[in-house]
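K.L.:
Submitted below is the structure of interest, expressed as structure tokens.
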Amino acid sequence: MGIIPFYICMNDSGVWIQDFALKYFQTFASHYISYLERNAAMVKYLLTYDQIKQYGNEKSISLLVKDIDLLVTHKANNDVF
């Protein structure tokens, strides 16, 4: 078992909770993939939703793919969650 380092930087005011949730997931997923790949350089740039989904498909991480599909669908429909 290891520790997954995670860092997120956002303004503390004027942030809509949905935007925060999307940024949080994207940051966490990017850092998680960086950890799995043992590649600290990957942390410098966030992966896109497509890149996260592609990684999930390639590594058979179905939960990651399902989460991305859900977030992208809600974002495209401007749903509030």
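K.L.:
Here's a check for you: in region 48-69, which residue that is hydroxyl-bearing (Ser, Thr, Tyr) and crowded, with 17+ Cβ neighbours inside 10 Å is farthest from the chain's Cα centre (by Cα)?
P.N.:
That would be 55.
Per-residue answers, yes or no, for (1) outside any helix (DSSP H, G or I); (2) more than 22 Å from residue 9 (Cα to Cα); (3) without any contact (Cβ under 8 Å) to a residue 40 or more places away in the chain:
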{"residue": "47", "(1), (2), (3)": "yes, no, yes"}
{"residue": "57", "(1), (2), (3)": "no, yes, yes"}
{"residue": "63", "(1), (2), (3)": "no, yes, yes"}
{"residue": "68", "(1), (2), (3)": "no, no, yes"}
{"residue": "71", "(1), (2), (3)": "no, no, no"}
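K.L.:
Related question: Report the residue count in region 33-42 for those that are in contact with a helix residue (DSSP H, G or I) (Cβ under 8 Å, 6 or more places away or on another chain) and at pLDDT 90 or above.
P.N.:
Adding up the residues that qualify gives 2.
K.L.:
Take the residues in region 26-45 that are among the hydroxyl-bearing types (Ser, Thr, Tyr) and part of a helix (DSSP H, G or I); name whichever of them is nearest to residue 9 (Cα to Cα). Let's see the steps before the verdict.
P.N.:
Residues of region 26-45 that are among the hydroxyl-bearing types (Ser, Thr, Tyr), as a first pass: 27, 30, 32, 34-35, 45.
Next, only the ones that are part of a helix (DSSP H, G or I) stay: 27, 30, 32, 34-35.
Working: 27: 9, 30: 14, 32: 16, 34: 17, 35: 19 Å.
Among those residues, the one meeting the criterion is 27.
The values are calculated or read from the model by the stated rules, or taken from the named source; none is laboratory data. These figures come from a predicted structure and were not determined experimentally. As a convention, Cβ positions derive from the backbone with ideal geometry for all residues, glycine included, and neighbour counts pool all protein chains shown.
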